[in-house]
Amino acid sequence: MKTVHPLLVRVTHWVNALAILVMVTSGWKIYNASPLFDFLFPNDITLGGWLGGALQWHFAAMWLLALNGLIYIAYGIFSGHLARRMLPISPKAMIGDILSAMRGKLSHADLSVYNAAQKAAYLGAILLVIGLILSGLAIWKPVQFYVIASLMGDYEGARLLHFFCMVGIVLFVLVHVAMVILVPKTFLTMITGKLKNG
Amino acid sequence: MDNKLKNHEGVLLASIERRLFLKRGLSLGALSLLSGCDLSDQFTYDDRVQKMLTAMSRWNDGAQAWLFDPKRLAPEFPVSMITDPFPFNAYYGEEEVRIVDSTDYKLEVGGMVREKKVWRLPELYALPQVSQITRHICVEGWSAIGKWSGPRFSDFLQRVGADTTARYVGFKCADDYYTSIDMATALHPQTIMAFRYADQVLPPKYGFPWKLRIPTKLGFKNPKHVMAMFVTNEDPGGYWEDKGYNWFSGS
């Protein structure tokens, strides 16, 4: 049997999934206290009960998200895992693969090799989480981290960026989960790491 | 902007009502998300989760105190960026704003200070003043820029002989609001006793006779209608802090 995902990648994947779930659902509750746009998130899919509870969840889970992310990135860089899986990536191959994926013709025979559409999506998700963390730091500490906030158009700009990175990560999760449902064996490999007959 | 702010008040009032029975900061959604546990265990489970969240909030107080740079100034803005009208916000509606009588007003200064005395408004107005145009950030997320003027709080603390090695300064307000801040923030050069807003005497809705303006903290840490202040080593808590908002809440 072939190892598709190393243990550290599997553990950080599921910790990240939990952290993102808590951050997004508590974040929706926080958004509802002072909406940026003309809509609210339905209460039933938010976490925290009230603004103070949501903030407690958000500021607790942020440590989980950031530390877990640091471990994943550090491992990915020093083990060569990130470079092996995500590179090389060319815009041409990416567009070609996205088009064939939409026609339902994208091959995913070897689960340990990512096609260009996957590489783009996973790299994009990593960048979105980095964007969420940086804009989140700017919102949390617009004075202490003024340098970060000023790059994003100060406090209000950071709020907008935080919101749109959230939209991006939610879209990623929707597509990601849809793909797992289409290719169910990928779900097991993210738990066991192995692929039967792989 | 106006409509948006009205909306916030509605949301805030609705959430205050909810808070009365959801003090634990946990929704059923949270439970169903995170456990498949038996309903009879729910209360102990709730308590354990709340204990963990409260412990994390205390940890975040420490992290923020560590991050706080006493010399770093909050950004200041040009007059053209001032938010007009500046939003009213409190734990009650604008029609319930407290009117403090200026002739009767006495500020009580107590706790770990050399000069425990009462200050009248003319004495306070006579102190040298500074101005700032800074961003007020609400815990709800919105922000607004305004101009405040008044003496530096650090100067006042020095004048009353406050023990600045103490940990906290606590405040009691005419509207039964109360809060407290760390000494490092109390001594920050932009922490001022705001007697004026937009070059006018601070109107009742913004906290007449004065509000402690702290541009390095969220709005709810800026007490209005301050009637008494005291220096202490015992954590005095606060109106919202005791309900679950993070105590340090620094910017």
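FYI, it's all coordinate maths here, none of it is from the lab. All values derive from a computational prediction rather than experimental measurement. Note that we place each Cβ from the backbone using ideal geometry, even for glycine, and neighbour counts take in every protein chain shown.
Taking the Cα atoms of the protein assembly as shown, the ratio Rg/Rh between the radius of gyration and the Kirkwood radius comes to 1.04. As a proxy for reagent exposure, ranking B:Asp155, B:Asp47 by other Cβ atoms within 10 Å from fewest up yields B:Asp47, B:Asp155. May I ask you to derive the FRET efficiency for B:Thr164 and B:Ala63 from their Cβ-Cβ distance with R0 = 22 Å, giving the value to the nearest 0.05? For R0 = 22 Å, the calculated efficiency reads 0.45. May I ask for the longest run of chain A untouched by chymotrypsin sites (Phe, Trp or Tyr not before Pro) that are loop-located per DSSP and have at most 14 neighbouring C-beta atoms (other than their own) within 10 Å? Of all site-free stretches, the longest is A:40-198.
Among the lysines of region B:64-174, pairs that are 8 or more positions apart or on different chains and have alpha carbons within less than 26 Å of each other number 8.
Counting only the Cα atoms, region B:74-243 fills a convex hull of 108 Å³ per residue. Which aspartates and glutamates does B:Lys205 reach when only Cα atoms under 13 Å apart count, and residues fewer than 8 places away in its own chain are ignored? Within the straight-line limit of under 13 Å, B:Lys205 reaches these aspartates and glutamates: B:Glu94, B:Glu95, B:Glu96, B:Asp175.
Translational diffusion of region A:18-144 was estimated from the Stokes-Einstein equation, with Rh taken as the Kirkwood radius over Cα pairs; at 4 °C and 1.567 mPa s the coefficient is 76 µm²/s. Projected label points at B:Ile99 and A:Lys92, each 7 Å from Cα along the beta carbon direction, are separated by 7.8 nanometres. Using alpha-carbon pairs under 8 Å, 6+ residues apart, how would you state the relative contact order of chain A in percent? It rounds to 25 percent for chain A. State whether region A:65-115 is rounded, prolate or oblate according to the following rule on the C-alpha gyration tensor (a ≥ b ≥ c being the square roots of its eigenvalues): a/c under 1.5 gives rounded; otherwise a/b larger than b/c gives prolate, and the remaining case gives oblate. In terms of gyration-tensor shape, prolate.
Sites listed here are trypsin sites (Lys or Arg not before Pro) in region A:72-164 whose DSSP assignment is loop and whose Cβ has at most 12 other Cβ atoms within 10 Å: A:Arg103, A:Lys105. Pairs on different chains or at least eight residues apart, Cα atoms closer than 29 Å: how many lysine pairs in chain A fit? Pairs that pass both the separation and distance tests number 18.
In a simple Cβ point-charge model (Lys, Arg +1; Asp, Glu -1; nothing else charged), region B:74-243 has a dipole of about 440 debye relative to its Cα centre.
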